[in-house]
Amino acid sequence: SASCGDGRKRRVCYYYDPGVANVDYGANHNMVPRRVAMAHALVEKYGLLADMERLRVRPATEAELRAFHDDAYVRLLRDITPDAYHDGDLRDRARACGVGVPETDETDASAYDNPVIDGLWDYCLRYAGGSLAAARALADGSSDIAINWSGGMHHACRGKASGFCYVNDIVLAIQELLEHFERVLYVDIDVHHGDGVEEHFKRESRVMTVSFHLYDIDRDVKPFFPGTGKVEDVGEGDGKYYTLNVPMKAGMDDERYQQLFRPIMDEVMEKFVPDAVVLQCGADSLYGDRLGEFRLSVKGHAGCVSYLRSFNVPLLLLGGGGYTVNHVASCWCYETAVAVGKEKEISDEIPFHGYEHYYRDQGYKLHFTVPKKNGNKKDDLIDKIKQDALMNLAMLKP
Ligand code: VJV
Ligand code: CA
Ligand code: ZN
């Protein structure tokens, strides 16, 4: 059960490729890969590397990407550069694959989300390579927990980029895990719906996908991206009820989030009994995010990591969204500490490590404060969504 073995040490391996952190999505783009370098600098300064195996791995290969992605899409990612795009020869192919250049395609929304950037191919191979290596470290039994904060790109489709994601490293990692484990559980705490992963496995009963996300149908403007993830979407065919969606409204705080997360995950663990767990730790569900509208603290977010860790099942931790970079780095550093079981030992004072000036707004504390909001304490909607989710889980054969 959830309570046993929490104090036990875990063998943790950690993947960090500085080549990924130098990628630039363009001026004012929300996605800032440097946040991973910031998280890493904290991890290093807090001395956490001593408690982990450091994975040094090769980038993914073209053939490895083709285990999920279309040939034509993989070729496009390989061939496209800002110059080739401007020359026009690859422009149509690029736009068909959801990528573009904002200055050229002013009216094309996806060009803003998924720009053709310098080093795009190398970036994709490296972050996918990290997630694949991490999956292998679990599959061969050499690690209990494996971490790749550059991964977690849950929106990428077989033949198309979407939502800042070009290659779906999560699908690739799960496919790798399926070679060695019978059942794999995917859990997604990014504020956005994990649509790309769900779509690929929605007919598969060996993979259960669970996404917690912001979903507001009664919005006066556009729905929150990507607009999918209703509680009624439960998978199809053999995979029916092996998809679970937990749509939430804006403003979710630690208490209410855990009121859903814990009982739902208890039930999932008991019914599905996974052999490995993949947790996408998108940090845009934190308070103060530039895109998200939840109000989680670092401890609230990390509560999901420690809860799943307590089940003692091989655990793959991936990054994802997260657009207020100081919050993201604080969170992933703290979650690295949770993985190695040292979260109580790391100081709340941000150490001098080269990026300390980013933490001024949070008083140079690792745990930024979440202002209390006085609303009605009893929340019928929480009970309603919990009931709906548990009803779907009741349909799963034990
Ligand atoms: O909502 C959308 C799509 C649009 C078209 C593009 N415009 C800019 C916004 C509306 C319909 N896209 C989302 C994508 C969110 C991706 C989240 C990814 C993850 O966290 O789940 C996993 C890594 C969106 N929301 C906000 C923006 N795009 C956005 C993109 C920009 C931007 C401002 C907002 C890109 C460039 C620039 N500004 C300069
Ligand atoms: Ca999610
Ligand atoms: Zn997100």
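The values are calculated or read from the model by the stated rules, or taken from the named source; none is laboratory data. A quick note: this is a predicted structure, and the numbers were derived from the prediction, not measured. Here the Cβ positions follow ideal geometry from the backbone for every residue, glycine too, while neighbour counts run over all protein chains shown. With ligands, DNA and RNA removed, areas are computed over all heavy atoms of the protein, side chains included. Shrake-Rupley method; radii C 1.70, N 1.55, O 1.52, S 1.80 Å.
One table, with the values for the structure above:
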| item | result |
| --- | --- |
| Which listed residue is within 16 Å of ligand 1 (Cβ to nearest atom), of a type outside the set (Asp, Glu) and either within 26 Å of VAL99 (Cβ to Cβ) or open to solvent by less than 60 Å² (accessible area, probe 1.4 Å) (or both), from GLY26, GLY19 | GLY26 |
| Top-ranked residue of region 218-259 - restricted to ones that are within 16 Å of ligand 1 (Cβ to nearest atom) and of a type in the set (S, T, N, Q), ranked as surrounded by the fewest Cβ atoms within 10 Å (Cβ to Cβ) | THR228 |
| Tabulated pairs, region 302-321, first without any contact (Cβ under 8 Å) to a residue 60 or more places away in the chain, second within 16 Å of ligand 1 (Cβ to nearest atom) and part of a helix (DSSP H, G or I), C-beta under 9 angstrom, 6+ apart or interchain | ALA302/CYS331 |
| Of residues in region 349-374 being part of a loop (DSSP other than H, G, I, E, B) and open to solvent by 60 Å² or more (accessible area, probe 1.4 Å), the one modelled with the lowest pLDDT | ASN374 |
| Hits in region 93-115 - residues which are open to solvent by 10 Å² or more (accessible area, probe 1.4 Å) and either more than 13 Å from ligand 1 (Cβ to nearest atom) or of a type in the set (S, T, N, Q) (or both) | ARG93, ARG95, ALA96, CYS97, THR104, THR107, SER110 |
| Lone qualifier among VAL171, VAL210, VAL167 - being assigned to a loop (DSSP other than H, G, I, E, B), modelled with pLDDT of 95 or more and hydrophobic (A, V, I, L, M, F, W, C) | VAL167 |
| Count of residues meeting criterion [free of Cβ contacts under 8 Å to residues at least 12 places away in the same chain and assigned to a loop (DSSP other than H, G, I, E, B)] in region 375-396 | 3 |
| Complete set of residues in region 172-198 that are open to solvent by 10 Å² or more (accessible area, probe 1.4 Å) and within 16 Å of ligand 3 (Cβ to nearest atom) | HIS192, ASP195, GLU198 |
| Residues (closer than 26 Å to PHE368 by Cα and surrounded by fewer than 17 Cβ atoms within 10 Å (Cβ to Cβ)) located in region 260-275 | ARG262 |
| Unmet criterion (only one of (1) touching a Phe, Trp or Tyr at 6+ places or on another chain (Cβ under 6 Å); (2) open to solvent by less than 10 Å² (accessible area, probe 1.4 Å); (3) more than 13 Å from ligand 2 (Cβ to nearest atom)) for ASP284 | (3) |
| Single match in ASP118, ASP122 (criterion: more than 19 Å from THR336 (Cα to Cα), assigned to a loop (DSSP other than H, G, I, E, B) and open to solvent by 30 Å² or more (accessible area, probe 1.4 Å)) | ASP118 |
| Test: residue in region 125-147 that is more than 25 Å from ASP275 (Cβ to Cβ) and either at pLDDT 95 or above or surrounded by fewer than 21 Cβ atoms within 10 Å (Cβ to Cβ) (or both) | yes |
